[in-house]
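Data first, discussion second: the structure below is written as structure tokens.
Coordinate-derived values only; no laboratory data. Worth saying up front: this structure is predicted, and the values here are computed from it rather than measured. Reconstructed Cβ throughout: ideal geometry from the backbone, glycine too, with neighbour counts over all protein chains shown.
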Amino acid sequence: MDTFVIEGGRRLEGKLRINGSKNAALPLMCVPLLTDEPVTLRDVPNLADIRSLRNLLAELGCVQTGEQQGMMRLHTQDPTKSHARYEIVRTMRASISTLGPMVAKRGYAKVSMPGGCAIGDRPVDLHLRGLAALGAEITLDGGDIIAKAPRKGLQGATIFLGGQFGSTVLGTANVLCAATLAKGTTVIESAACEPEIVDLANLLIKMGARITGHGSPRLIVEGVEKLSGVDYTVMADRIEAGTFMLAAAITNGDITLENCPIDAMLVVKDKLNAMGIQLAVTGSDLLRATVRVTSARTLKPVEFTTQPHPGFPTDLQAQMMATLTLADGNSVITERIFPERFMHVAELSRMGARLMRQGPTVIVSGVRKLVGAPVMASDLRASAGLVLAGMAAEGTTTLNRVYHLDRGYERMEDRLTSLGANIRRVDDKDLPSHLTGGAD
């Protein structure tokens, strides 16, 4: 199993290009299930989750017909294969995004209940409720979700998609895709407003879908007979951009980010400015801007609550917490999307952070320094937060289970090393015991 060995205390400096968005690319990859024509996606990141979904799509008869770095050409060639098996689906939650397209186009879908990071309960009931409102018959059989469309096909409907913790991003994606081929008008109320949903809607529109309201809580979809193929570039990754911004902050660095979707990150920009982090933006396209990130020597504490977009993204909560451990004062972080998404708290505490959790809130009391220690990743974004802490800490940090990190960041160790970090990927079997926390 791979481990990162991080030698801390190095200032980051240099230039990076932000990759295409993982959270946008995964639902986009399921769109070719809606058409008989090939769909070409560009700026697709090379990630474990992307490869897993590509393998799943191949099992569903949608194969990659062209291979080029950053480009994926997907074409459905066998629409009879409609079973998304547990062996693949269990590795990532985004596999559920195949459900809506298959039931809309093929009239039948069988998808195993999804897996993914262990960051709390994320039920799929809203997905199923939305598809049922369009007329799909939903049953559960041996851990599989089975969705069948009526003979006359899916029918437009008015659907409320609000849940206990707000709107559902993948649920909105599933229902939106299904509604494009449903007969009549579909109104999705309390739809997710995330930029990744806007990206999905823009792709579908280029394919011939009739969608209005994307980016707002109300989506209106006029069903069409069919969708065509398309050539489309995936939006830039706002979470990756935020992670590298915070890497500059925690190391008192100076990083320039190209292809940065700053217009989708206004709440992040606001909080970073409040912490004393300066963002200098250039370029006319603010979804693909150039942003220079510099940090004051002393970081200021802030308070924030994770919320659906345009609120602060939950996927940057762990990275912010790591950075705020070195702020001058007390910060307050409240998690409203996944209240149990705090497994990194114990690991940061091992490095000398002063953290006190009270339910969905963590009080972060800034310390003068962090100290390197053996730590363990529990999920994708927690891993990123621990990498940031390790780069700022004195001494050596070993981060175990970095396969979590590989799900969402392409060659993160190489890209940070190009900025001046000292990070090595090694097999944990080759580590001396003093770097694993074991006895000599």
- Item | Where only C-alpha atoms are counted, convex hull volume of the stretch 306-440 per residue in Å³ | 121
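Take the alpha carbon gyration tensor of the stretch 362-405, find the square roots of its eigenvalues, order them as a ≥ b ≥ c, and report rounded if a/c is under 1.5; if not, report prolate when a/b exceeds b/c, else oblate. Present the calculation step by step, with values, prior to reporting the outcome.
Numbers: a/c = 2.53, a/b = 1.37, b/c = 1.85.
Oblate.
Which percent, to the nearest 5, of DSSP beta bridges fully inside the chain are antiparallel?
Numbers: 62 of 86 bridges.
Antiparallel: roughly 70 percent of the beta bridges in the chain.
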- Item | Amide proton proximity set for Glu394, modelled H, under 5 Å, gap of 5+ | Leu370, Val371, Gly372
- Query: Which whole-Hz ³J(HN,Hα) couplings does the stretch 11-20 yield from phi under the Karplus relation 6.51 cos²θ - 1.76 cosθ + 1.60, θ = phi - 60°, glycine and proline marked x?
  - Reply: 7, 8, 7, x, 9, 9, 9, 6, 6, x
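In square nanometres and to one decimal, what's the mean projected area of the convex hull around the Cα atoms of the chain?
For the chain, the mean projected area of the Cα convex hull comes to 19.9 nm².
Sort Thr91, Thr139, Thr397 so the one with the fewest other Cβ atoms within 10 Å of its own Cβ comes first. It would help to have the intermediate numbers written out before the result.
On the way: Thr91 20, Thr139 11, Thr397 28.
Fewest-to-most ranking of Thr91, Thr139, Thr397: Thr139, Thr91, Thr397.
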- Cross-link reach from Lys271 to lysines, straight Cα distance under 17 Å and at least 8 residues apart if same chain, gives Lys300
- 5 angstrom amide H check on Asp254, placed H, neighbours 5+ away: Leu12, Glu13, Gly14
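What is the extension gain from Arg411 to Thr298, computed as 0.36 nm multiplied by their sequence separation minus the C-alpha to C-alpha distance, in nm to one decimal?
Details: separation 113, 0.36 × 113 = 40.68 nm, distance 2.97 nm.
That pair, Arg411 and Thr298, stretches by 37.7 nm at full extension.
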- Unit charges on C-beta of K, R, D, E only; dipole of the chain, Debye: 400
- So for the chain, taking the charge dipole from beta-carbon charges (+1 Lys/Arg, -1 Asp/Glu), which of Leu128, Val371, Pro360 sits furthest toward the positive end? Leu128
- Selection from Ile423, Leu219, Thr305, by position along the positive dipole direction of the chain (Cβ): Leu219
- Phi-based couplings in Hz for the stretch 332-341 (Karplus 6.51, -1.76, 1.60; Gly and Pro marked x): 10, 10, 10, 9, 10, 8, 10, x, 9, 7
- Query: So what are the ³J(HN,Hα) numbers for the stretch 151-161, from phi and the Karplus equation (6.51, -1.76, 1.60; θ = phi - 60°), rounded to whole Hz, Gly and Pro as x?
  - Reply: 4, 7, x, 5, 10, x, 7, 9, 10, 9, 10
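Computed over the Cα atoms of the stretch 22-224, what is the convex hull's projected area averaged over all directions, in nm²? Provide the component values of the computation, followed by the final result.
On the way: hull surface 40.1 nm².
Value for the stretch 22-224: 10.0 nm².
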- Message: Going by amide H atoms built from the backbone, whose H comes under 5 Å of the H on Ile145, apart from near neighbours?
- Response: Val111, Ser112, Met113
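Percent antiparallel among DSSP beta bridges with both residues in the stretch 22-224, to the nearest 5? Before the final figure, lay out the partial values.
Values: 29 of 35 bridges.
Of all bridge pairs located within the stretch 22-224, approximately 85 percent are antiparallel.
Over 29 Å between C-alpha atoms is what I'm after, so list which of Lys226/Lys269; Lys110/Lys183; Lys110/Lys429; Lys15/Lys429 land there.
Details: Lys226/Lys269 40 Å; Lys110/Lys183 22 Å; Lys110/Lys429 40 Å; Lys15/Lys429 34 Å.
As for pairs spanning more than 29 Å Cα to Cα, those are Lys226/Lys269; Lys110/Lys429; Lys15/Lys429.
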